[in-house]
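A.B. asks: My questions will all concern the structure given below.
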Amino acid sequence: MLKEEATTNEVLDSLAEGVFTVDNNFKINFFNEAAEKITGRSRKDVIGNFCKDIFKSELCSSKCPIATVLEKGKSVFDLESQIQNSNGDIIPIRINAALIRNKSSEPTGGVISFRDMSAYKEIKKYLEHQTQFYGIVGISKPIREIYSLITEIANTDATVFIYGETGTGKEMIADAIHSTSNRKNKKFVKVNCSVLPPQLLASELFGHSKGAFTDAIKERVGRFEFADGGTILLDEVAEMPLQMQLQLLRVIQVGTFERLGESITRKVDVRIIASTNIKLKDAIENGSFREDLFYRLNVIPIEVPPLRCRKEDIPLLVSHFLKKYSLYYKKDFSDFDNKSYEIFSQYDWPGNIRELENAIEYAVIRSKSNETICACNLPGHLKGNFKCTKVSEVSGDVSNSDLLKLLETNHWNKTKVAKELGINRSTLWRKLKSIGVE
Amino acid sequence: MLQHNALSHRKITIKLIYLRHSYCASCLDMSEMLGNFYFHQRKFLSAQRQLEQSLKFNSSDSIKKKLIICYTQSGLFNEAIKMLHDLINRDINLITKTKIKEENCPCADLIYEIENSPNFTRDDYEQMLMLGILWLYCDIYKSKFYFSLACELNQSDNLVLKIFNMISNCVNNNLNNNSQS
């Protein structure tokens, strides 16, 4: 039993989330290492004290998560709050709470896990305030025209159709449209029409009644119903099966639909934004997309330019992502070197902004803090045959944690990672073995 | 703070009985923990409701100690006195040795509010009784003082008199032990 408890404690101490438990008198009786780190308090100072005296959260008096579980009989997930650490600093956290029960199912205490959201809050704050238009970065003419158009349609509920290659920021455009609309305080539901098989997509969008199909063990509210009063984004709408396109057409025309397996007609008031990276003209010609649906959706068309058509925005985007990932990885960089900017401007960016973002994240991981990022730290397909003239930052100087991150980014493809680092595969294998990674 | 409202004692009891029967059995096992939570929040009426439920299944001294305080705040002095008598008859230390900080006992704050209230008077039987009960958790000598005032104001309550006698005996024993040492 003792051995089992020790193993459990080891597991809990290895988590990045803070975890603590209280007895039925709300006194702390377990406090893991991450909780010590986040709160700045050692477990020996905390155990035996009332949790409200340690955390000093505004929730303690008004909406204690464990009391909420007791009152409602349901565990609490992702509750946002803040606590004071030992220095008196306010730490934003996100909380999950549940009851601990004995073998007779009697509650004997509660368990709370919490995550420090400081870094996320800082990134979010930065992203909200350091962009040109509701999270979108860019000052080029095509993108400024999009800003103007979004502003013009702000007071309407007109259906919008967003076109653009993959990675151009269609979802961000949709976010900006919702944020400027009259429905900004209502729900904004996003559905990717390409990831689900046809029957599941129908259930996802319109819901189903109990027993409508084999796994329908209870009724389900669909996304349209859930978004009632708000906005729905139908991403990759051109991938939608034809039968579903017909149902969608009816929702757009009269605002009604039926759940799968039901005959009750339901009415909703939802503003529709659709997006696609497919050339719709071809899809209509080959019969995979309904022309009548196209005309219904295409009230306000917005074409998002590919990154190669707005290269004047690249420096701004680079700066934006560099700041974002510096915050995320807790590193500090002044900028990229000139060679990097040369590479950025010459490259075609088939993956558009997403590809640029990935490249910057990669470079941030590979580089050491307090430096200008060298072009040699860019992904191999960008830097090509470029050889760094600086004393190597690669191979031997790569830290263990950076090496592991590189492996994760490349899905543990050691050949690829070795090539990126400019070393032999067997050298990489030896390095990994030396740090205990097979 | 005294949570005594305009309802008479009988009406409060009826209301509580009604609320008592509105709980389902599966909720009862949550009662002690929830009662403890409300008690720590100084929501004595809510705490009382939960702790009474849990007492049916768990005759714990810890629950009774809290309930006594809750009863003083909802004006149910008969219930408070009865429960207090039962506890100190077994062992007066159950109350007098309360660890105020560790148990988050609200008595000191409640006493301060009453004694500094503009309505405070030593001619009010219920106030004297309440202070006698609350002081027993903090200071047995002050508790004896207020119980003596209560007995002077109402000589017909035998249970209060019994409690006063038990407290007096304990005080005298303490004084004897101190003089011997």
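A.B. asks: When residues of region B:143-163 are filtered for being under 15 Å from the mean Cα position of the chain (by Cα) and open to solvent by 40 Å² or more (accessible area, probe 1.4 Å), how many remain?
C.D. replies: 2
A.B. asks: Something else now. Only helices (runs of 4 or more DSSP H) wholly contained in region B:84-143 count here; list those with 2 or more residues that are in contact (Cβ under 8 Å) with a residue 24 or more places away in the chain and more than 19 Å from B:Gly35 (Cβ to Cβ).
C.D. replies: In region B:84-143, B:107-115, B:125-138 are the helices (runs of 4 or more DSSP H) which contain 2 or more residues that are in contact (Cβ under 8 Å) with a residue 24 or more places away in the chain and more than 19 Å from B:Gly35 (Cβ to Cβ).
A.B. asks: Given B:Ile69, B:Ile81, which one is surrounded by 14 or more Cβ atoms within 10 Å (Cβ to Cβ), out of contact with any helix residue (DSSP H, G or I) (no Cβ under 6 Å at 6 or more places or on another chain), in a helix (DSSP H, G or I) and at pLDDT 95 or above?
C.D. replies: B:Ile69
A.B. asks: Next question. Got a number for residues in region A:178-219 being over 22 Å from A:Asp157 (Cβ atoms) and either open to solvent by 50 Å² or more (accessible area, probe 1.4 Å) or not in a loop (DSSP other than H, G, I, E, B) (or both)?
C.D. replies: 21
A.B. asks: Working only within region A:23-53, note down all residues that are farther than 22 Å from A:Met117 by Cβ and within 14 Å of another protein chain (Cβ to nearest Cβ).
C.D. replies: Of everything in region A:23-53, those that are farther than 22 Å from A:Met117 by Cβ and within 14 Å of another protein chain (Cβ to nearest Cβ) turn out to be A:Asp23, A:Asn24, A:Asn25, A:Phe26, A:Lys27, A:Asn29, A:Ile47, A:Gly48, A:Asn49, A:Phe50, A:Asp53.
A.B. asks: Does B:Gly75 meet the test of being farther than 30 Å from A:Gly48 by Cβ, outside any helix (DSSP H, G or I) and either modelled with pLDDT of 95 or more or within 12 Å of the chain's Cα centre (by Cα) (or both)?
C.D. replies: Yes: the conditions hold for B:Gly75.
A.B. asks: Given the residues A:Ile100, A:Ile90, which is the only one that is out of contact with any helix residue (DSSP H, G or I) (no Cβ under 7 Å at 6 or more places or on another chain), more than 13 Å from chain B (Cβ to nearest Cβ) and β-branched (Val, Ile, Thr)?
C.D. replies: Criteria check complete, one pass: A:Ile90.
The values are calculated or read from the model by the stated rules, or taken from the named source; none is laboratory data. Everything quoted here is computed from the prediction, not taken from an experiment. Please note: Cβ atoms are built from the backbone with ideal geometry, for glycine as well, and neighbour counts cover all protein chains shown. Ligands, DNA and RNA are stripped out before the accessible areas are found, and what is left, the full protein with its side chains, is counted by its heavy atoms. Shrake-Rupley method; radii C 1.70, N 1.55, O 1.52, S 1.80 Å.
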